[in-house]
1. Which condition breaks for Glu7 when tested against (1) part of a strand (DSSP E or B); (2) touching a residue at least 12 places away in the same chain (Cβ under 8 Å); (3) open to solvent by 90 Å² or more (accessible area, probe 1.4 Å)?
2. Filter segment 37-64 down to the residues that are in contact with a Gly (Cβ under 9 Å, 6 or more places away or on another chain) and among the β-branched types (Val, Ile, Thr) and list them by number.
3. Just to be sure before I move on: is Ile51 part of a helix (DSSP H, G or I), within 19 Å of the chain's Cα centre (by Cα), modelled with pLDDT under 90 and not acidic (Asp, Glu) in the structure I sent?
4. Report every pair of residues separated by at least 6 positions or lying on different chains whose Cβ atoms are under 9 Å apart, first residue within segment 40-63 and among the aromatic types (Phe, Trp, Tyr), second open to solvent by less than 50 Å² (accessible area, probe 1.4 Å).
5. Residues being over 18 Å from Leu3 (Cα atoms), in a helix (DSSP H, G or I) and open to solvent by 90 Å² or more (accessible area, probe 1.4 Å): count how many of those fall in segment 16-48.
Amino acid sequence: MHLAWVEKGEGRYQGQMAVYVKPRGRFGAAYMALIRPFRRRVVYPALMRQIERAWNARLAQRTD
């Protein structure tokens with residue numbers, strides 16, 4: 001997994017995430033295809049929101 005914060009200007013950032021997977025064999029490829037919608041609609045957005053909240057909390061502590 002690769003996580004990055006890209007500066008958008010004026011002190012604003014956008015989170016970007018890439019997940020690299022290499023399935024092993026037929027079962028691995030089928031499994032990854034089966035869970036792909038769940039990962040993209042549920043897991044990844046929730047993970048990015050959690051990271052954003054932590055980022056904002058840390059940023060708020062620095063400005064206080």
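1. (2) is the only condition that Glu7 fails.
2. Ile51
3. Here the answer is yes, as Ile51 does meet what is asked.
4. Trp55/Gly15
5. The qualifying residues number 6.
The values are calculated or read from the model by the stated rules, or taken from the named source; none is laboratory data. Being a predicted model, the structure only gives us computed values, none of them experimental. In this analysis, Cβ positions are derived from the backbone assuming ideal geometry, glycine residues included, and neighbour counts consider all displayed protein chains. Accessible surface areas use protein heavy atoms only, side chains included; no ligands, DNA or RNA. Shrake-Rupley method; radii C 1.70, N 1.55, O 1.52, S 1.80 Å.
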